[in-house]
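For reference, the structure is listed below as structure tokens.
The values are calculated or read from the model by the stated rules, or taken from the named source; none is laboratory data. Everything numeric in this text was worked out from a predicted model, so none of it was measured. Because the Cβ atoms are built from the backbone with ideal geometry, glycine has one as well, and the counts that use them run over all protein chains shown.
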């Protein structure tokens with residue numbers, strides 16, 4: 001019986017000694033091979049129209065919220081979108097170099 005247990009232990013330990021097969025690197029995602037979508041163009045407003053829009057937003061939401069919305073739509077969200085496009089472009093360039 002001890003001999004059977006010893007053989008089983010040796011076989012179990014021998015199974016642990018096998019090297020793990022190396023997996024190939026994952027292929028680039030399909031989304032990385034698609035062209036980057038161009039940033040949508042903002043409406044072209046005159047200075048008076050832009051001021052009227054800003055005043056209307058501030059009047060509708062109040063000053064703190066209105067200013068926050070204007071800052072988000074005019075500055076923060078477009079910058080965020082450009083950073084995302086730069087990431088997609090970098091991934092696409094990396095995939096093309098592989």
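If a residue counts only when it is touching a residue at least 60 places away in the same chain (Cβ under 8 Å) and either out of contact with any strand residue (DSSP E or B) (no Cβ under 9 Å at 6 or more places or on another chain) or under 19 Å from residue 30 (Cβ atoms) (or both), which helices (runs of 4 or more DSSP H) contained entirely in the range 43-98 have at least 2 such residues?
77-97
Go through 37, 47 for me and flag whichever is within 27 Å of residue 84 (Cβ to Cβ) and at pLDDT 80 or above.
Of 37, 47, the one residue that is within 27 Å of residue 84 (Cβ to Cβ) and at pLDDT 80 or above is 37.
Scan the range 51-77 for residues that are closer than 19 Å to residue 39 by Cα and under 24 Å from the mean Cα position of the chain (by Cα) and the total you get is 7.
Checking every residue in the range 11-27 against the condition of being part of a loop (DSSP other than H, G, I, E, B), modelled with pLDDT of 75 or more and surrounded by 11 or more Cβ atoms within 10 Å (Cβ to Cβ) gives zero matches.
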